[in-house]
Structure formats: C-alpha cells, structure tokens
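Student: Before anything else, here's the structure in question.
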Amino acid sequence: MLSLCLSLSLVSNLGYSQSLNSTNLSSINIDELSDEQILNYLKQAEGSGYTQSQLEAFARQRGMPESQISKLKMRIGKLTGGVSSIESSSNQASTSGRQQIVMSEGEVFGKLSNTPRTKSLTAIQQKIYGYDLFQSDNLTFAPNLNIPTPKDYVLGPGDEIHIDLWGATQAASTLVVSNEGTIRPENLRPIYVNGMTMEEFEKLVSDRLAAIYSGLGGDNPSIFYQVSLGNIRTINVSIVGEVNNPGNYALNSLSTVYTALYASGGPTENGTFRKIQLIRDNKLFKEVDIYEFLQSGIKGNDERLMSGDIIIVRPFTMRVEIDGEVRRPGLYELNDDESLSDLLEYASGFSNTAYRSLITTKRNGLDEREVLDVNVSEFDSFIPKDGDFFQVASILERYSNRVLIEGAVYREGEYQLTDGLTLMQLIEKAAGLRGDVFLTRATIYRTNEDFSQNIIPIDLSKLMSGDMEDIRLQKEDLVRINSIYDLSEEFYVQISGEITEGGVYPFFNQMTVQDLIVLSGGLTEGATGAMIEVSRRNKDANLNTSAEIFNLEIDKSLSLDYEDRNLLLEPFDQVYIRRTPGYTVQQQVTIEGEVAVPGVYSIGRKDERISDILKRAKGLTQYAYPEGAILIRKTEFSADKSNDQISKEYLQQLRSKLLNEGAGLKNMSLEMLIGRLDEIEFESGSLESSDDAIGGSFKKDLIEDVAESDSLVRNVDIQSQEPVALDLNKILEEPGSKYDFILKEGDVISIPGRLETVRVAGEVTSPLNLRYDKSYSFRDYIDQSGGFLQTAKKGRSYVQYPNGKRKGTKRFLFFKFYPKIEPGTTIFVARKPERRGLSTAEWLAVASSLATIALTVNTLSN
C-alpha cells in the first residue's frame, strides 16, 4: 500500500532502524511503526497523487511480504475508520482497476456494508467443527495478486490489459475493457473480448499482430510480444442464508467462494459447512464442502467468482456431537451416507486412553431418548442420525499385570507381574532390602476379585534364610516392608535459653551437649558456663519423680569436663543454657528541657536516682521551672524489649551501616561479617518474650476482663506510658529521699521553662489560655473566662499542675475552698450529669408500687 512513501520518507526524515531503502522493503515490520508515523505517511502518499494500485504494486516489487501489506491495511483501517482518500481518488480516476483496497478489518475484501465480525465465540460456536475458520485474522483467503495472470481468467468490463512489443519494433499499449465488453486499439475498430479467457485473448492478439508485423512469426522472429493483466475489475456478489453478515459484497475478480465466505463472517451456528451452493445465471453451478479443506487442505470446487454470482448457505441437515476420549471433541455435520468411522476421522481419532471396543450413543426417539451400544465391528456400517451424541469412554484405571512394593527397599514402585513371580524375586527387582529393614514382619495386601482385601503376614527373616516357602504373587498385590523407624517414635532433642538458635533438633547416636550447642549456632554473650541443665524423661517406676536433672559446666570454648563429656544425650532430652547472673544490656533514660546537658543517659547503677542524672546533666539552667517537672514512665503494660531484641536491633543497624558505607570495600572479613549478620532474624515475633513482658500482658488481660465483668468499673484506659508527678525542689534539697525516684529503663524526665499562662477548660463560657497573675484566684480566672455555664458542676472543679498533680475543690458547710493557682496550671470545670425524667411506664410502675405498699400497711394495721 503505502510502501512507496514509507521507503522515501522513513529513510530521509527518520533514519528508520530497519534500514529501509528505496529498493528493498523485505525487512519492514509494520508492528514497529507508531500510529502517528502511519498517518503521516498516508498524508504524504495522498499529496503525491499515488493511487492504491500504484502503491501496492510498488511495495510488492520492492519485496514487501504479503503479511506486512495485510497488517498495514488493517492498521490504516483502524486509524481512519474506513476508506482513505487515496482509494476514492483511484476509483474516480478509472472505471476499472484491481479490487478496491479497503482499510478496515471488516472490509479486507471490499465489503460494501461495514459490519464488524465478532471475534468472541460462544460455547456452542467453539464446539462446531470449522466455525473458527472464518473468524481468524491470520487466514483471510485473500487472493494472491502477485502472480502471473491465470490462463483461464475470464475477461470482463473494467479489466486493464497491457500489450508490449519489443525487438525490431517497440510499442506498449494499455487497453481497458469497456462496459460493452470491447477494447479499442489505436486506429482500429473495437474488438469484443467479454467472456474470453486470457489464453483465448492471447491467441487473438497473436493472430492480429502477425497480420501487421511480419517479423512476429516464423522460425527466427525479430519481434516479440507479451500480454498481461493490469488492474483487474471489481465484481459484485451476493451472500445470503445462514451467514453472519449476509449482503452484497464488492470483491476483486480473482476472489473465490472461500474469499466471499470470509468477508461475510462464515456460516452461522445453524449454517451448513458441507453444502454451500454457488448460483450462477440462476442455476446451481457448484457445491462446496468446507470439510474437504479442513481435512486435506484441498479447496475442492472453490470456483473463481463472477459478477452477479450468488452464494447460498442453507441450514444444516444433520449434526452430531462426539465427546470423551477423542482428540478433537465437538459438533460435526455429516452427510447422509457418512458412518461413525467418518465421524471418528473428522474428530482425529481416539485419544491414547480411549476405550476403543465400544462407543455409547444417545439418540432422540419419538417420545424419549434411547441408548445404543456400537461395537468396533459396526463402526463402518453405523449411520448416525441428527442429534446423536457419542460418548467415548476411557480405559479402566487398573492394571492387568502390576504388583507394588514399598518401604525398606532401595527401589520402591510398580513392577510387572511375570509368570510365577515370587516375593523374593520382587525384592531382588527392587534392589534388595535396606539396612533399616524390620525383619520380624512384612505384609502383603491382596485385592480379591470382589475388591475385598486380605492381609498376608510374612516373617522376612525366615523368608530370607530359606526357612519358609517363597510366596507367589498375584495381580495388584502390594508388598509393604517396614523400617525399624516406622515402628518407633521419632527421636529429637531440644535446647533453649542463651543459645543463638534455640529449638528442636534431630537426635543422633553418641550426641553430647557440645554437639547440640554447635548444631544450634553456639552460645550467646550472656550465657553462663556454670549453669547448664539437662532434663531427661523419667523412665523409672518411681512415681514421685517427673524428670531426671543433670547439671554441667562449660566454658566459651565449648570444652567439657571429662565426666561431662561422657554424658551422652538421649532421645527427648531438654537442654537449658542459663544466663549469667546480673547480665543485661545498657538501659537508658532521657532528660529533656531546661538542663545544662539534655540527652540520653545510660543507667550506671540499679539504684541510680533522678538527682544522680541531674548531676550528670550539670544541673538546671537559670530558665528552668522546677515546679513543672514531670517524669514519664512506662507501665507494666508497655511492650518492653528483651535484651535479645535490643541486641539484634543493634546488629541490624550495624548491618545497614556496613552495606551503605562499605559497599565499595573488597574486604573478606567485612563480607564474612555481613554474611553472618544476614543469618540473624530481625523479626520481633520470632524473639522470645521476656518474663516482664509476659507478666505485663497477663496483668493487662486480667484488668480488661474485670472491667468487662464488673459494672462498677468504668472506662478503664490501659496506657503503656503514664506521667509521674515530681517535687523537683524536694529532690534537689534532699537527694536520696523518698521524693528522689530510682530510675527505670525508658524513663523521660521533662523540665519545662518558665510558664506564664493558665488554661481554663470545661464548662465555662469561653475556654481559653490566660496570663498568669499571682494576685488572681481560682474564681478570678473563671470570671476572666466568662463564668460558669448552667451545666457546670462547680463542686467537682479541679486544677492540674504542670508536674501532673491534681487538686479538687473542697467544701466545708456552705463554703467552697478552691485550689491555689500556679503558672502552667490547667483549670477544669466538670459537667453536671444529665437527668432524665420518668417515662409514663415508669410512673405507672411507681404508682403501682406505692399502692401495693399502702395496701400492705393497711392490712397489717387491721
């Protein structure tokens, strides 16, 4: 199509990667062209005045494959939505020409009505044999225009004929067959050629030229000629009946019945594939059988169409279905004289697992369905009927000569049952018994004809020694030879505590504690060498003893004492590696705010107090407000990290640092260190929880259960951290006193700067922050906030100081004493509880109760 403009513009403007040139288009790939490029090339071709035929012929001359030309047509059709202006101009310029080159996918063959073909097939359509033949984009049955003109081609109005002379005389003439069926050479009268074949026309030309040019004939001619077909005409055919898109179609004159069927979308679900009729001059001209092409690739009776031809696709007359063990199950259309053997041939024969002796047939009777069994001897003579359903069964899932052996042999599996095969011979086929065989007993499981099973016990030791007669095996016998480990409990040992990878490990003979420690990755840094404990299951009859306990000593080199080395582990032993007393990782606290050196500090002693940390932090600054100091401490419900978790987090940070900063280093020790760190699991869920964390979780669950079951407990809020009020002035005046708390891991000491505001919140007119004035009282700040609301409960008002302490309002007789206000204080006014009046039902209940009481009193008084 547009190969001319493609070859010129791609090379000159874009330097196309496929190295297109003006003489070779054989390597072009349309799929690699963008939509924008194709549209640009289309505009260039239209502007240059090229016709469809010129562009397509030029592309073929330069070697463009037919598949790429077809792809280009479809791409342009999708982009333009129909016929381009090139096509229009070419049709207007000449009343004849080759087939109109349409652009859309639905109009590959010049279909007059643009009806798109549906590509998604229904379940029935997928079953119909041959239905998808005309739904494929890869098999279009397009006529090949790049071939010599066929000798039997029939000329008609619109065909273009080229006559070339060379030799002693050179001349070229292009003649177009007129609507009257004639051609008119220059200076000659019209010649009627309509209905002539190309072979007849060539003979006519030869006779006419021989009369004019004497050098054309004879034994030594000096003038030569050639007759060829240029643009071919467009023909109109009608496709009716059971086709997906019936109608009138404009095709080129080389199109055949298959070409027209593809253009119309092929037969419908009800259309025939066996008797497609071609009507010419109001007579049945040919009958086409699509199955002939599907089975052998021969397109019998695929007649070249002529203008005015009618193709009729009638409904099928007989269709049957075959399913089961055939290579191509589905729906097949049969002729009246075809047998079951023909159906099997269409279905490509039986599959490998098909039962070939008999096929079950379900047939529609007059009133009900019936079942027919067709034996293999009747396949050639059995004539199917419309609606028959053939079911090909599979062979049975059983073996006629199989025995099985499994267990303590070297080659378990299935073996052939030969004549006279015995148990000893089967064991030899299985490469003999393994060393772990249990010789006391083996078992043969035998299946009887009624599918019941018998068990035949065998003493293998007597069989192998020849003290008992060998047993002859039967079909489907299963020989089970047990291993000594099949009849005993699986052995294991367990290690836990200060070990790299604690858990359960397989037990080995002659295994020591040292071996188990090495197997589990070695001791951790916190492991003690003097407290290794081995717990062993109690095997004695002493009911007062639940386990035997052994204590061992070991050093970090994993060397054992001589006596301890002789202590071999037994199955199910549990080894505990204890932690060194007092071992712990660094614990840290944070001091922030108005201190000279704020930051994170490690706890040096277990009895280190707040005053000690303040000394290490160089004391308070001149802007500190000691009265507002507060301690934030983790509760027993916080998820404290164990020593192992903290250590592994540090190792994870080390690994990240090495990967980021040492990426360019080629250090073997560094690579080994990173590899070792990769083996450490950093998932917190895989680490053992500390006793404190377990205890805290239990306490939390206990409190929540009480809160749910006790109606007196309301709004229990379990926090992982809580403030602790400090009296920092007392701590500084009396270090080590009861006010000076002992620090714990995670404590945060916050010392604010000077505070200058008082916050009023709750049931007041305008809650806000106010400037602190030492002359103002509690009521003054309430008045500054607009006073109490009607919903305020004045007696429940309280203040909270910056260090966390709270003080409420006190009452004495009719007097209220409000707490003192300091900088940073928060005043909170509580809300009155909502009161709900009694409903009608409640009033009736009260009245009824009062009446009952009055009646009781009256009765007692009388």
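Student: Got a number for residues in the stretch 270-319 being of a type in the set (S, T, N, Q), more than 25 Å from Tyr332 (Cβ to Cβ) and in contact (Cβ under 8 Å) with a residue 60 or more places away in the chain?
Tutor: The number of residues fulfilling the criteria is 1.
Results for (1) open to solvent by 10 Å² or more (accessible area, probe 1.4 Å); (2) in a helix (DSSP H, G or I); (3) modelled with pLDDT of 95 or more; (4) aromatic (Phe, Trp, Tyr), shown as yes or no for each residue.
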| site | (1), (2), (3), (4) |
| --- | --- |
| Glu269 | yes, no, no, no |
| Arg274 | yes, no, no, no |
| Lys286 | yes, no, no, no |
| Glu292 | yes, yes, no, no |
| Gln295 | yes, yes, no, no |
| Gly300 | yes, no, no, no |
| Met306 | yes, no, no, no |
| Ile312 | yes, no, yes, no |
| Thr317 | yes, no, no, no |
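Student: Considering only residues of the stretch 156-200 that are of a type in the set (Val, Ile, Thr), within 19 Å of Ile223 (Cα to Cα) and in contact with a Phe, Trp or Tyr (Cβ under 8 Å, 6 or more places away or on another chain), which is surrounded by the most Cβ atoms within 10 Å (Cβ to Cβ)?
Tutor: Keep residues of the stretch 156-200 that are of a type in the set (Val, Ile, Thr), which gives 161, 163, 169, 174, 176-177, 182-183, 191, 193, 197.
Retained after the next criterion (residues that are within 19 Å of Ile223 (Cα to Cα)): 163, 169, 174.
Keeping just the survivors that are in contact with a Phe, Trp or Tyr (Cβ under 8 Å, 6 or more places away or on another chain) gives 163, 169.
Details: Ile163: 20, Thr169: 15.
Looking at the filtered set, the residue picked out is Ile163.
Student: I would also like to ask the following. Out of the residues in the stretch 116-155 meeting the condition of being exposed (fewer than 14 other Cβ atoms within 10 Å of the Cβ) and among the acidic types (Asp, Glu), tell me which one is modelled with the lowest pLDDT.
Tutor: Once the filter is applied, the top-ranked residue is Asp137.
Student: Moving to a separate point now. Among the residues of the stretch 458-491, how many are within 12 Å of Leu423 (Cα to Cα) and assigned to a strand (DSSP E or B)?
Tutor: Count: 6.
Student: Val799 passes all but one of (1) closer than 21 Å to Glu627 by Cβ; (2) part of a loop (DSSP other than H, G, I, E, B); which number fails?
Tutor: Only one criterion is unmet by Val799, namely (2).
Student: Still on this structure, please answer the following. Identify the residue in the stretch 396-431 that is charged (D, E, K, R) and within 47 Å of the chain's Cα centre (by Cα) and, among all such residues, is surrounded by the most Cβ atoms within 10 Å (Cβ to Cβ). Write out each step before concluding.
Tutor: Residues of the stretch 396-431 that are charged (D, E, K, R), as a first pass: 397-398, 402, 406, 411-412, 414, 419, 428-429.
Now drop any that are not within 47 Å of the chain's Cα centre (by Cα), which leaves 397-398, 402, 406, 411-412, 414, 429.
Working: Glu397: 6, Arg398: 9, Arg402: 14, Glu406: 14, Arg411: 10, Glu412: 14, Glu414: 11, Lys429: 17.
Applying the filter and picking the extreme gives Lys429.
Student: Right, next: Within the stretch 365-395, which residues are touching a residue at least 40 places away in the same chain (Cβ under 8 Å) and open to solvent by 100 Å² or more (accessible area, probe 1.4 Å)? Spell out the reasoning first.
Tutor: Quick first cut of the stretch 365-395, residues touching a residue at least 40 places away in the same chain (Cβ under 8 Å) only: 379-395.
Once the filter is applied, which keeps residues that are touching a residue at least 40 places away in the same chain (Cβ under 8 Å) and open to solvent by 100 Å² or more (accessible area, probe 1.4 Å), the stretch 365-395 yields Asp380, Lys385.
Student: Quick one: how many residues across the stretch 545-602 are part of a loop (DSSP other than H, G, I, E, B), farther than 12 Å from Thr512 by Cβ and modelled with pLDDT under 85?
Tutor: Summing the residues that are part of a loop (DSSP other than H, G, I, E, B), farther than 12 Å from Thr512 by Cβ and modelled with pLDDT under 85 in the stretch 545-602 gives 14.
Student: Still on this structure, please answer the following. So how many residues does the stretch 432-457 have that are aromatic (Phe, Trp, Tyr), at pLDDT below 90 and either surrounded by 10 or more Cβ atoms within 10 Å (Cβ to Cβ) or in a strand (DSSP E or B) (or both)?
Tutor: Residues that pass the stated criteria total 1.
Student: Please count how many residues of the stretch 451-496 are on the phi < 0 side of the Ramachandran plot and under 48 Å from the mean Cα position of the chain (by Cα).
Tutor: 23
The values are calculated or read from the model by the stated rules, or taken from the named source; none is laboratory data. Please read all numbers here as calculations on a predicted model, not as lab measurements. Cβ atoms come from the backbone with ideal geometry, glycine included; neighbour counts cover every protein chain shown. Areas reflect the complete protein model, heavy atoms only, side chains present, ligands, DNA and RNA absent. Shrake-Rupley method; radii C 1.70, N 1.55, O 1.52, S 1.80 Å.
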